[in-house]
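The structure appears below as structure tokens.
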Amino acid sequence: MIYLRQVSIHSEKFPVFNFYPFNLKIFQNTDKIEFNNAITFFIGENGAGKSTLLKAMAIRCGIHIWQPEFNLRCELNPYEEDLYKTIFVQWENSPVPGSFFGSQIFSHFAKTLEEWAVNDAEMLNYFGGKSLVTQSHGQSLMSYFKSRYNIKGLYFLDEPETALSPSSLIDLLNLLIKISRQGHAQFLIATHSPFLLACPDCEILSFDKKKIEPIKYEATDYYKLYKNFMNNPEKFIKTPV
């Protein structure tokens, strides 16, 4: 199911061009991104802008993003969170609800849910039936994913692989495939994981070019690096002389 059909980036509305994220050429050069698959991955090096665009899109889609308890910065960038003001989204039909997942955000959410459950234990039934803070981080993530993503909606995930083991990543991959084929969910995911990128019938968008462009799985740096490393790890290990 495709709920979000397109996002347009209006560089003429950028307030500045010398502060992140508006100084990124990839945002200046990309006019629009079309979504034709139930699962779309954003890939690129750190600082390429994939997570920033993901958050901006979620905000534009009316999806709440939980904020961490502390967000103090020694160097303030007044434009860091403003990309959403310069993008527009096009729905296939009408807006749908959804959620935004980030590892730090999830930790804050899990603690808040625990406080709610002290007075209303049935709150946990919406997230697997168990306390999220008494499970391991990886177990709590999978419990959340399995419960939340069975609900119709548009789901943004920012590097969900952060706390998952390789076997859990494969579980998440199969969960995404299963749910997307049921036809009630659309996923937009920023990731560095070659496990997740192996998802069939997905689209991978690279942020490492002059503009945001589709790329084949086997052409990604992640695939090449992992394959070369597994075939010849000695080539990559630097031993002291």
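For the reader, a short list of remarks on this structure follows.
- Test for I170: is it out of contact with any Ser or Thr (no Cβ under 9 Å at 6 or more places or on another chain) and under 19 Å from S99 (Cα atoms): no
- Residue in the stretch 176-195 that is of a type in the set (F, W, Y), within 30 Å of S8 (Cβ to Cβ), in contact with a Lys or Arg (Cβ under 9 Å, 6 or more places away or on another chain) and surrounded by 16 or more Cβ atoms within 10 Å (Cβ to Cβ) present: no
Here is a yes/no grid of residues against (1) in contact with a helix residue (DSSP H, G or I) (Cβ under 8 Å, 6 or more places away or on another chain); (2) modelled with pLDDT under 95; (3) aliphatic (A, V, I, L, M):
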position: F22; (1), (2), (3): yes, no, no
position: T52; (1), (2), (3): yes, no, no
position: M57; (1), (2), (3): yes, no, yes
position: Q67; (1), (2), (3): yes, yes, no
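- The combined condition, being surrounded by 14 or more Cβ atoms within 10 Å (Cβ to Cβ), in contact with a strand residue (DSSP E or B) (Cβ under 6 Å, 6 or more places away or on another chain) and basic (K, R), is fulfilled by K50.
- Residue, surrounded by the most Cβ atoms within 10 Å (Cβ to Cβ), within the stretch 206-217, restricted to residues that are out of contact with any helix residue (DSSP H, G or I) (no Cβ under 8 Å at 6 or more places or on another chain) and not small (G, A, S): I215
The values are calculated or read from the model by the stated rules, or taken from the named source; none is laboratory data. Every value quoted in this text rests on a predicted model; they were computed, and no experiment measured them. In this analysis, Cβ positions are derived from the backbone assuming ideal geometry, glycine residues included, and neighbour counts consider all displayed protein chains.
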